[in-house]
Amino acid sequence: MRNFRALAAAGAAVAVLGMAAPTATAGGDHNTPSNIVALPSVIARGGQLTVTVDGCPQGGSMTSDAFGRAHLTPVRGANETSRGTATIRNDARPGAYDITVNCSGRTLTRPSAFTVIGGVRGGLGGSSSSGATPTDIAIGGGLVAAAVAGTGLFWLRRRSERRI
């Protein structure tokens with residue numbers, strides 16, 4: 001009986017998802033961009049962003065305040081899909097950016113398509129350049145003092161055990 005309930009629930013979920021999916025229309029305009037996907041969605045300055053656009057079979061161009069203008073080329077074997085890469089400018093400010101795509105004279109804008117984060121400090125482990133704060137120094141000094149005191153007590157107790 002449990003298997004039947006699980007199967008019925010799975011079937012109902014598939015039916016709901018099937019009805020919610022968009023239906024294909026015959027004879028529609030195939031040169032209208034319909035979907036813009038930017039990967040990765042969070043990127044550092046100077047990184048490469050890959051943008052895929054559905055409904056753009058002849059290619060086109062894409063623009064953003066973070067990278068300027070870049071070309072989209074058709075993807076072989078994928079119907080009506082184009083792809084392009086863009087390099088994020090080193091002076092791009094952190095935040096969300098839109099992408100506007102132009103395919104065969106038709107445009108589509110995806111707001112907040114990706115997010116630029118601040119640059120990574122390689123070699124410093126992501127640390128700040130200001131160094132240790134007085135609090136960090138006090139905590140570290142306290143830990144070292146506790147370790148020295150604990151080691152001294154250990155050796156003193158060990159010496160006294162030998163005398164007995």
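If we keep just the residues of the range 57-91 that are in contact with a His (Cβ under 9 Å, 6 or more places away or on another chain) and in a loop (DSSP other than H, G, I, E, B), which is least open to solvent (accessible area, probe 1.4 Å)?
G59
Results for (1) modelled with pLDDT under 90; (2) not aliphatic (A, V, I, L, M), shown as yes or no for each residue.
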| position | (1), (2) |
| --- | --- |
| A15 | yes, no |
| N31 | yes, yes |
| A38 | no, no |
| T52 | no, yes |
| R89 | no, yes |
| R106 | no, yes |
| P111 | no, yes |
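Looking at A113, is it crowded, with 18+ Cβ neighbours inside 10 Å and in a loop (DSSP other than H, G, I, E, B)?
When the stated conditions are applied, A113 does not pass them.
Taking only pairs six or more apart or across chains, which ones have beta-carbon atoms under 9 Å, a first residue in the range 127-149 that is modelled with pLDDT under 90, and a second residue that is surrounded by 10 or more Cβ atoms within 10 Å (Cβ to Cβ) and part of a helix (DSSP H, G or I)?
Within 9 Å, the pairs are A132/G140.
I'd like the full set of residues that are outside any strand (DSSP E or B) and either of a type in the set (F, W, Y) or open to solvent by less than 30 Å² (accessible area, probe 1.4 Å) (or both), limited to the range 38-53.
Across the range 38-53, the qualifying residue is only G47.
The values are calculated or read from the model by the stated rules, or taken from the named source; none is laboratory data. This one's a predicted model, so the numbers in the text were calculated from it and none came from an experiment. When we count neighbours, we look across all protein chains shown, and the Cβ atoms used for this are built from the backbone with ideal geometry, even at glycine. Areas reflect the complete protein model, heavy atoms only, side chains present, ligands, DNA and RNA absent. Shrake-Rupley method; radii C 1.70, N 1.55, O 1.52, S 1.80 Å.
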